[in-house]
Each structure stands twice: as C-alpha cells, then as structure tokens.
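Colleague: Supplied in structure tokens, the structure appears directly below.
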Amino acid sequence: MIEQIKPSIVVVATYAKTRSPVYAIRGAGFVVGNGNLIATNAHVIPNSLNSEIDETLMVIVPTSRQGPQQRAAKIVVTDPAHDLALLRIEGTPLPAMVLHSGGPIREGQSVAFTGFPIGNVLGLSPVTHRGIVSAITQVAIPSATAHQLNSKVIKRLKSGSFEVYQLDGTAYPGNSGGPLYEMEKGEVIGIINMVFVKGTKESALTHPSGISFAIPVRYLQELIGDLR
C-alpha cells in the first residue's frame with residue numbers, strides 16, 4: 001500500500017534561488033483529479049511571496065523515477081472555512097489518489113497517513129504512520145466558562161462547527177495537508193490538519209498533546225465539484 005501511495009505524495013514549499021536553503025517546506029499535499037491538481041491545507045499556502053528574492057510557490061515530487069522534481073504551482077481555489085486548498089502544477093500528470101465515496105467512516109477504523117514530519121529536518125522521504133480513528137468530534141467545543149474562550153474559538157463558533165476525525169497517531173507540522181487513508185484500498189478519507197483544528201480544540205495547551213486531527217474528505221470533494 002505504501003508503495004502505491006508514495007508517488008502521489010508531494011512537498012508544498014516556497015523556492016528562492018538566492019536563499020539558503022532554497023526551499024522552505026510548508027507542508028504536504030497529494031495528487032487528486034486529473035493528476036495536475038494538488039490538495040493541501042489552506043494554511044500551508046503562504047499569504048504572500050517575497051518578490052524581492054523572487055520567491056515562488058513550488059511542489060516537489062520526491063519519489064519520481066528521475067529523482068526529486070520541482071513543479072511550479074498556482075493556487076486554484078481555497079476553502080478557508082475547512083482550511084483546504086487546491087493547487088495546479090505544470091508538466092506530466094502524476095498518479096492521483098482515489099477519494100473515498102463509500103460508506104461512513106467509523107470510530108476504530110484502521111487508517112494511515114503519509115507526509116514529511118518536521119519538514120526538511122528529516123529530508124524529503126515520505127514517512128508513513130498508522131493508527132485508528134479514535135473519535136469523530138466537533139472542530140470547536142465551547143470552553144467551560146466564557147473567560148476561557150480565545151479569538152480562535154470564538155471565530156470558529158461563529159462560523160459554524162463541523163465534524164473532524166481525531167487520530168491516535170501522532171502527526172507533525174510537516175504532515176499538514178497530507179492524506180489520511182483507509183488501509184484496505186488506500187482511499188483518502190481525510191486531510192491531516194495540525195494547525196487549524198488544534199488551534200481551536202487545544203488552545204489551552206501550551207505543548208503538543210500527541211493528538212492529531214484530519215478534515216473529512218467530503219469537504220475536499222465539494223471543493224473539487226465547485227471547481228468543475
């Protein structure tokens with residue numbers, strides 16, 4: 001399954017020729033649709049690029065037969081409410097992952113996720129973790145008392161809550177935007193998210209708790225449908 005998945009996993013980074021290192025890894029992504037679309041988290045995409053150093057948005061394909069490839073990327077559409085984004089890359093289409101469209105996801109279901117934990121500290125080799133869906137929970141849970149609410153929680157409560165998958169596997173910032181997939185067929189059931197969700201649900205924690213979350217794939221399917 002890992003060998004089947006790896007060619008579809010990419011690095012989302014910015015590139016500047018005069019910078020050292022030239023790549024600033026921001027997260028992971030995976031190929032969907034026609035092979036030229038990359039799904040990732042919206043927060044992985046920089047708010048702006050530094051024109052003074054000619055910084056560009058780039059997708060790195062680490063497992064190609066010719067060695068790591070870099071592909072120029074452009075933002076196609078974003079969904080800030082669910083922290084999702086679609087990028088379009090140039091060149092030969094890459095193998096796309098299949099998005100789950102079958103029955104409901106259940107607690108206790110075996111899953112895996114592949115990405116680049118801790119960014120370029122561990123290099124550009126995709127790393128896979130496995131676990132289970134430990135809970136299906138709301139992205140925002142009101143604090144016990146009003147004074148415990150912070151701006152992120154208030155914003156989420158106002159914009160509307162939605163269900164996310166809580167995982168028992170530990171993901172890291174470099175996993176953000178990577179796929180969460182079920183173990184039988186490798187179909188994507190969610191998108192790993194380590195900032196948007198945790199900033200709301202675990203705002204009271206000052207250190208990583210080891211709990212990871214993923215955005216359900218149905219929101220990505222809706223985004224792709226809107227694009228079409």
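Colleague: Quote the relative contact order of region 54-95 in percent (integer), defining contacts as alpha-carbon pairs under 8 Å separated by 6+ residues.
Modeller: About 30 percent, as a whole number.
Colleague: Please give the solvent-accessible surface of His100 in Å², to the nearest 10, using a probe radius of 1.4 Å with every protein chain present.
Modeller: 40
Colleague: Now for a separate question. By the gyration tensor of its Cα atoms, with a ≥ b ≥ c the square roots of the eigenvalues, what is the shape of region 1-98: rounded for a/c under 1.5, prolate for a/b over b/c, or oblate?
Modeller: It comes out oblate by the Cα gyration axes.
Colleague: Which order, highest average first, do 170-178, 54-62 follow once you tally other Cβ atoms within 10 Å for each residue and take the mean per peptide?
Modeller: Going from most to least packed, we get 170-178, 54-62.
Colleague: With every protein chain kept in place and ligands, DNA and RNA left out, what is the accessible area per residue of region 14-73? Probe 1.4 Å, answer in Å².
Modeller: In whole numbers, region 14-73 has 49 Å² accessible per residue.
Colleague: If you don't mind, another one. Run the simple label-point estimate for Ser20 and Leu49 please: 7 Å along Cα→C-beta, distance reported in nm.
Modeller: About 2.4 nm, to one decimal.
Colleague: Follow-up question, since we're still on this one. Taking the Cα-to-Cβ direction at Lys74 and at Met183 and moving 7 Å from each Cα, how far apart do the two end points lie in nm?
Modeller: The answer from the label model is 4.2 nm.
Colleague: Here's something else I'd like to know. How do Ile53, Ile45 rank by accessible surface area computed with a 1.4 Å probe, from largest to smallest?
Modeller: Ile53, Ile45
Colleague: Do you know the relative contact order of region 26-77, to the nearest whole percent, from alpha carbon pairs under 8 angstrom that are 6+ apart?
Modeller: Computed over region 26-77, the figure is 21 percent.
Colleague: If we count every other residue with Cβ under 13 angstrom of Ala73's Cβ, Lys/Arg +1 and Asp/Glu -1, where does the sum land?
Modeller: In short, +2.
Colleague: Same structure again: What does the highest-first list of 29-38, 13-22 look like by mean Cβ count within 10 Å?
Modeller: 29-38, 13-22
The values are calculated or read from the model by the stated rules, or taken from the named source; none is laboratory data. Because the structure is predicted, anything quoted here is derived from the model rather than measured. Methodologically, a virtual Cβ is constructed for each residue, glycine included, from the backbone with ideal geometry; neighbour enumeration extends over all protein chains shown. Calculation scope for accessible area: heavy atoms of the full protein, side chains included, ligands and nucleic acids excluded. Shrake-Rupley method; radii C 1.70, N 1.55, O 1.52, S 1.80 Å.
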